[in-house]
Structures are given as C-alpha cells and as structure tokens.
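The values are calculated or read from the model by the stated rules, or taken from the named source; none is laboratory data. All values derive from a computational prediction rather than experimental measurement. Heads up, the Cβs are rebuilt from the backbone with ideal geometry, glycines too, and the neighbour counts pull from every protein chain shown.
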Amino acid sequence: MKAAIVVFPGSNRERDAEAALTQAMGRKPIMVWHRDTELPDVNLVLVPGGFSYGDYLRCGAIAAHSPILREVKARADKGMAVIGVCNGFQIITEAGLLPGILLRNASLKFVCKNVRLKVETSQSLFTSQYEQGQVLSVPVAHHDGNYFADPKTLDELEANGQVAFRYCGPEGEFDDEHNPNGSARSIAGIFNRTKNVLGMMPHPENAVDPMQGSTDGKALFKSMVEALS
Amino acid sequence: MKARVHITLKSGVLDPQGRAIAHALGTLGFGGVNDVRQGKYIEIDLNERDKAKAKQQVDQMCAKLLANTVIENYAIDLVD
C-alpha cells in the first residue's frame, strides 16, 4: 500500500497519522502540502485532523476547495481510497465526497475524551479486521462533530450500510448519554455509497499504542493495508 | 457594485449558538425572547456593473462556498 497525507495550514494530527500509517505499512506515507496540484501515485489518501484555515467560514470549507482536494476528489471518484479523520471528515464532507455536514457540538463545548464506538459493519476496506458489533475505545477531540443530514439522507445511509461507526455505551447501547456531540442517530463515521471513502470524527491514529491507553484503532489501519497491498 | 449576502440556518436545523444567545439575553433581563437564530453577513466588493451578471456570479459563490445548502439558506442584496 502507498499512502499520502494531505497537510493544510492548521492541520495538527498529521504526525500522529503518519506514525500510525508507518506502524501498519512498514514504511512512511508521503506528506503532500495543500498547494500541490498533483497527488503522488498512491492508493490511499488520509486527510488529517486539526483546524485547517482556522475553521474560517465553516470548518473544512476552505480546505475543501483547495487545489489538492480537487485532485483527491477526482481520484476518489475513480475509486481510490480516502479516509478523513475529524477535521478531515469535515473537509471531505464539505468537498461533497460524503453527504451531510458536521455542526457545532450540541453542548457547545469542545469534547476531548475517550469514547466507545460500535463497529456497524466489517464489510469495508476500512473495517474488515473488526467484528460487526465490536465495541471500541477511541478518543475524540472536537468542537464541531455533530453529524447532521436530513432524515431521507440518514435513512439512505442506513439502508445502504453506509454507517461505519456509532457512539455507544459499554453494552453497545445508543443513547444521548453516550453521544458526545449530539450527532444524528449517534453517527460517528460514514462511508460513501461505493465505500471507498470513510469519514469519522474519532481519532483511530491516537489509539495504536498501549501508551495511548487503547490500541483499538490499529485494526483500522491493518484493514486498509490488507485491502490495498 | 457591492453584494450583501445574508446566510441563515434553515428552519429545523438546531442552532445551539442561537439558543445560548437567547439564554444570555434572558439572564440580562430581556424578557419575551422566544427564539434566537444566528447567521452570517458577508459583504463582497465586485468589479461587475451589470446587476444580472453580478447576481448570477454571487449566486454561484454562495452555492459553491459561502453557504452550505445542506443546512443554510442565503439571500443576496445588490447595491451600487
């Protein structure tokens, strides 16, 4: 697998993502600056977390229209794998790679803590190394993670198996208490229709080493390496 | 020509910031505030002098970047 990480002014999780990809792939991913207009020959692009362009206008909106994102979108439309984490999820959603939008957290507070996630499907190149229904511990760190889409879009996402992860309690239950940001139907991550694009608010790259308190993010990177090597 | 663009949240979209403002107004003693919705105001200075063309141009700006039509509506006002 060859991977690239797109870096914007204000990205801040790109080194964590680089470490997680290096651990899984056995070699370093390529770092691509936002002003570049061409993507190297890779089969995965990771859009990392942070505060690209200071979250001006709407979070992710300015980055979504940068030259490199146009290239990412064109390749994703042809089937290349793309994963957007946190601000990366906001960016690829603003770019139109995924439906819906991430709104301000319902609590209005920045949330930074470990949450539980339920794996909704193992039928994807991002989640094949998990069991369906498995409950993971992965950190979140965001102010705008409140997933919103109209009810019709949400029904379609569910009917097409496009929900990747949901926030849940210790027994895998979905309720307001275990929904850290007010996301519709507790959605934490979604695929596009063809499942070559994943966007998620939690940070799997910060759950790959026992020092981080959880290694539950490792299987996500392993899944991508298995599928794309 | 100047374009004045108002971007507002669609009805039904939760506006926690508007709610916080409403709460703060209540705390300050302003009674009778039923609801507050927060939006954005953007002013754009344009070279274009033709109103119809300017309108079309700003409309595209709104659809592509300034507003996210999943959650927002926009209104354009042109002034000479």
query = Can you tell me which of B:36, B:58 is in a loop (DSSP other than H, G, I, E, B) and either within 27 Å of residue A:94 (Cα to Cα) or within 14 Å of chain A (Cβ to nearest Cβ) (or both)?
reply = B:36
task = Write out, first by first residue and then by second, each pair whose Cβ atoms fall under 9 Å of each other, whose residues are 6+ apart or on separate chains, and whose first residue, in region A:105-120, is within 13 Å of chain B (Cβ to nearest Cβ) and more than 15 Å from residue A:217 (Cβ to Cβ) while the second is of a type in the set (Asp, Glu) and part of a loop (DSSP other than H, G, I, E, B).
result = A:105/A:144
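To keep it simple, each residue is scored yes or no on (1) assigned to a helix (DSSP H, G or I); (2) touching a helix residue (DSSP H, G or I) at 6+ places or on another chain (Cβ under 8 Å); (3) surrounded by fewer than 16 Cβ atoms within 10 Å (Cβ to Cβ); (4) at pLDDT 95 or above.
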{"residue": "A:37", "(1), (2), (3), (4)": "no, yes, yes, no"}
{"residue": "A:79", "(1), (2), (3), (4)": "no, no, yes, yes"}
{"residue": "A:84", "(1), (2), (3), (4)": "no, yes, no, yes"}
{"residue": "A:90", "(1), (2), (3), (4)": "yes, no, no, yes"}
{"residue": "A:108", "(1), (2), (3), (4)": "no, yes, yes, no"}
{"residue": "A:112", "(1), (2), (3), (4)": "no, no, yes, yes"}
{"residue": "A:122", "(1), (2), (3), (4)": "no, no, no, yes"}
{"residue": "A:125", "(1), (2), (3), (4)": "no, yes, no, yes"}
{"residue": "A:130", "(1), (2), (3), (4)": "no, yes, no, yes"}
request  = Look at region B:11-23 and say how many of its residues are within 12 Å of another protein chain (Cβ to nearest Cβ) and either surrounded by 13 or more Cβ atoms within 10 Å (Cβ to Cβ) or aliphatic (A, V, I, L, M) (or both).
outcome  = 9
note = residue B:41 meets each of (1) within 14 Å of chain A (Cβ to nearest Cβ); (2) surrounded by fewer than 12 Cβ atoms within 10 Å (Cβ to Cβ); (3) part of a helix (DSSP H, G or I) with one exception, condition (3)
key: Number of the condition not met by residue A:74 [criteria: (1) assigned to a loop (DSSP other than H, G, I, E, B); (2) modelled with pLDDT of 95 or more]   = (1)
